[in-house]
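These notes concern the structure reproduced below.
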Amino acid sequence: MHLEEFAEGDSLLHRIDPRVKFITLMPFILLVAVLKGIELPLIGLIVSLVLVIIARLPLKKLINRLLVVNTFVLLLWLFIPFSYPGREIFSIGPLGLSQEGLLYVLSITIKTNAIVLATIAVLGTSEIFSLAHALLHLKMPEKLVYLFFFFYRYISVLHEEYTRLKRAMAIRCFHPETNMHTYRSFAYLVGMLLVRSYERSQRIYQAMLCRGFQGRFPLVRHFRLTGRDILFLTVMISITIAMAVIAIT
Amino acid sequence: MHISEGILSTPVLAAGAVLTIGGVTLGLKKMDYEKIPEVAVLSSAFFVASLIHVPLGPTSVHLVLNGLVGVLLGWMAFPSILVALALQALLFQFGGFTVLGVNTFNMAAPAVASYYFFNFLVRRGNRSVTAVAAFLAGALGVGGGTFLIALSLVTTGEEFLSVARLVFLAHLPVMLIEGIITAFCILFIKKVKPEILEVGK
């Protein structure tokens, strides 16, 4: 299972310190999420597009992601313009299309895509484990980061288990349909997956104890800020503050 | 089942974040260091299980299983679902970081409710009591989750009412399937590895 589709590469964004990435991205996406209107979210979208260009992301994969994200947005386009109170500009039978409604959905669409693009460009370009490492430095609760670490580590292992179980079912001519037999078989598949994962977790913990685990992973490698990181931090934070100031005034 | 970025209003986002921080804090308190691998690897299994698509008439639906997560993990469902959604936000941009609080609460709160209503019945009941309790837990997980999603949309603005109603109605058959799968799955676990039912304590 190849999950980190955008992490490979050596653009400027791939080389930024993961701690800096969290500190710069979080205020930016939170701000975009609470913005109203069209103009400011549009500025956000432009900033995100610039980030995407700097990160030199593979375009095809990026578009696939955006398609998935925009399916729910499409649903909103079908409903909101008709139910939002405002001046009617067009009507089909009893349904009136309101201008305010259209602008509102447009604003949501811009915001959604701006946040998604910024997230892919900034966080997607780091490996998950280095992001987890950065979270420890940023004082996230240790247990939560360890949980995340193990959780992510064992997804691919359990996905292999899952493929094995599914293959075993296929060999025995299992053919999914809408009936009780299918649901029971899938339930047992999930059950077996849980049993195997539980047993595996016991072995993992025993192995950790054998190696002297005392409730803490020592951090051996440390991040070091470079001039590049500080420049990126300054630029992004300035943009965010400027946007916030315009939004307030 | 999650709400994308940029849709919900600020008060809804803030409320979700605060409630989730509370739930996760409680969950982490219950989770001792030696339980971390257990909870984590079970979470990986749930993550993989959510890739399974089960047929439903002409379409198919993917498993959510938050009711089952709740019955097995109790309050630890909060951190477990949080890491799963955080990973999805990172890798696939389903949901996202600004809505992480709301989405986690929407899925984890019904999960914890499933634990309180049904864990005891599932562990102590005979075969039929277990089956019924597990069915209800599975249905409550998805049903409660969709209800909270609809509620987050409607509290953002009245204009979301029709979308919220559609989302809720579309998930009624999913509730049924989740209930059935959860029931069979728990009967299986009870027979093969009953210790798993004790993890949430």
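Worth a mention:
- Condition check for residue A:111 on (1) under 17 Å from residue B:87 (Cβ atoms); (2) assigned to a helix (DSSP H, G or I): one failure, at (1).
Table: residues versus (1) in contact with a His (Cβ under 9 Å, 6 or more places away or on another chain); (2) under 16 Å from residue A:165 (Cβ atoms); (3) facing another protein chain (nearest Cβ under 8 Å); (4) in contact (Cβ under 8 Å) with a residue 40 or more places away in the chain.
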residue: B:32; (1), (2), (3), (4): no, no, no, no
residue: B:53; (1), (2), (3), (4): yes, yes, no, no
residue: B:67; (1), (2), (3), (4): no, no, no, yes
residue: B:75; (1), (2), (3), (4): no, no, no, yes
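- Residues of the stretch B:154-172 that turn out to be closer than 15 Å to residue A:104 by Cα and of a type outside the set (A, V, I, L, M, F, W, C), as a count: 4
- Residue B:156 vs. criteria at pLDDT 95 or above and of a type in the set (S, T, N, Q): no
- Exclusive hit being of a type in the set (Lys, Arg), at pLDDT 85 or above and at positive phi, set A:65, A:56: A:56
- When residues of the stretch B:147-178 are limited to those that are within 14 Å of chain A (Cβ to nearest Cβ) and hydroxyl-bearing (Ser, Thr, Tyr), the one farthest from residue B:59 (Cα to Cα): B:156
- Of all residues making up the stretch A:208-225, the number that are part of a loop (DSSP other than H, G, I, E, B) and among the aliphatic types (A, V, I, L, M): 3
- Verdict on residue A:236 being of a type outside the set (Phe, Trp, Tyr) and surrounded by 13 or more Cβ atoms within 10 Å (Cβ to Cβ): yes
- Some residue of the stretch A:214-232 being free of Cβ contacts under 8 Å to residues at least 12 places away in the same chain, surrounded by fewer than 17 Cβ atoms within 10 Å (Cβ to Cβ), closer than 30 Å to residue B:32 by Cα and within 13 Å of chain B (Cβ to nearest Cβ): yes
- If the condition is being at the interface with chain B (Cβ under 8 Å from one of its Cβ atoms) and surrounded by fewer than 19 Cβ atoms within 10 Å (Cβ to Cβ), then the stretch A:129-152 contributes only A:141.
- Being at the interface with chain B (Cβ under 7 Å from one of its Cβ atoms), crowded, with 22+ Cβ neighbours inside 10 Å and over 15 Å from residue B:63 (Cα atoms) is a property that residue A:186 lacks.
- Number of the condition not met by residue A:160 [criteria: (1) exposed (fewer than 13 other Cβ atoms within 10 Å of the Cβ); (2) in contact with a Gly (Cβ under 6 Å, 6 or more places away or on another chain)]: (2)
- Unmet requirement for residue B:2, which otherwise passes all of (1) in a helix (DSSP H, G or I); (2) surrounded by fewer than 24 Cβ atoms within 10 Å (Cβ to Cβ): (1)
- Taking the stretch B:11-30 as the range and being among the hydrophobic types (A, V, I, L, M, F, W, C) and either more than 7 Å from chain A (Cβ to nearest Cβ) or within 15 Å of the chain's Cα centre (by Cα) (or both) as the test, the residues that pass are B:12, B:14, B:15, B:17, B:18, B:19, B:21, B:24, B:26.
- Hits in the stretch B:188-198 (condition: facing chain A (nearest Cβ under 8 Å) and under 19 Å from residue B:49 (Cα atoms)): B:188, B:189, B:192, B:193, B:196
- Residue within the stretch A:91-99 that is at pLDDT below 95, exposed (fewer than 15 other Cβ atoms within 10 Å of the Cβ), outside any loop (DSSP other than H, G, I, E, B) and within 12 Å of chain B (Cβ to nearest Cβ) present: yes
- On inspection, residue B:180 does not qualify as modelled with pLDDT under 95, touching a helix residue (DSSP H, G or I) at 6+ places or on another chain (Cβ under 8 Å) and not in a loop (DSSP other than H, G, I, E, B).
- Pair list, Cβ < 7 Å and 6+ apart or interchain, from the stretch A:62-89 residues that are facing chain B (nearest Cβ under 7 Å) and in a helix (DSSP H, G or I) to residues that are surrounded by 13 or more Cβ atoms within 10 Å (Cβ to Cβ) and charged (D, E, K, R): A:80/B:159; A:83/B:159
The values are calculated or read from the model by the stated rules, or taken from the named source; none is laboratory data. Just so you know, these numbers come straight off a predicted model, no measurement behind them. As a convention, Cβ positions derive from the backbone with ideal geometry for all residues, glycine included, and neighbour counts pool all protein chains shown.
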